[in-house]
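To keep things clear, I will list the structure first and then write my remarks on it.
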Amino acid sequence: KSNFTISNGHYNMYGDNNTFVKIDECVISHKEINKIMPALLESINNNKKAEIKEVVFRYSHFQDALMIILVSEKDNYFIEKIAQEIVGYSNKVKSVILSHGQSKNYLFNDSEKVIYGEDYLIDKLFNKLFKITSKSFIKLT
């Protein structure tokens, strides 16, 4: 899972003193995430009325597939346009989810909507299959 905040047209992560640090590539993210990041950011910047605040990527090694979660307070046409563009860009995208509404706990907004594909990915760990959703907490350390 990789989380990035969108600010001033760039991906950002929190750095020292809780200030944004612009990033172009995340060295700990899967290569497929880094490959799709520029195209998704371009689509977000071309559709500013979607008001995307954050992007969460999930990658399944088992399926060789990506889930992209777009976080916005709104649900509008421009979000669907972003999803269409990014699905057309990469066949690795198996799921695009919109998390929208007001957040009560910072982690999840009030509502979710599947824009493309399924609302889950399947991954495998120690010969066991796991269904990974946008709200799943999975951490391998």
### Query
Which distance in nm do the two modelled labels at I23 and K48 give, with both placed 7 Å along the Cα-to-Cβ direction?
2.5
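Multiplying the sequence separation of S111 and T133 by 0.36 nm and subtracting their Cα-Cα distance, what value in nm do you get? All intermediate terms of the calculation are to be shown ahead of the outcome.
On the way: separation 22, 0.36 × 22 = 7.92 nm, distance 1.39 nm.
Length gained between S111 and T133: 6.5 nm.
Checking the table K48/K74; K49/K131; K81/K124; K53/K74 against a 22 Å threshold on Cα-Cα, which pairs fail?
Working: K48/K74 12 Å; K49/K131 32 Å; K81/K124 32 Å; K53/K74 10 Å.
As for pairs spanning more than 22 Å Cα to Cα, those are K49/K131; K81/K124.
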### Task
Determine the relative contact order of segment 27-141: mean sequence separation of Cα pairs under 8 Å and six or more apart, normalised by residue count, in whole percent.
21
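Counting alpha carbon pairs within less than 8 Å and at least 6 residues apart, what relative contact order, in whole percent, applies to segment 57-102?
Details: 56 pairs, mean separation 22.3, N = 46.
Rounded, it is 48 percent for segment 57-102.
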### Message
If I model a spin label at K31 and L125 as a point 7 Å from the Cα along the Cα→Cβ vector, what separation in nanometres do I get?
### Response
2.4
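No value in this document is a laboratory result; all are computed from the given coordinates. All values reported here derive from a predicted model rather than from experimental measurement. Reconstructed Cβ throughout: ideal geometry from the backbone, glycine too, with neighbour counts over all protein chains shown.
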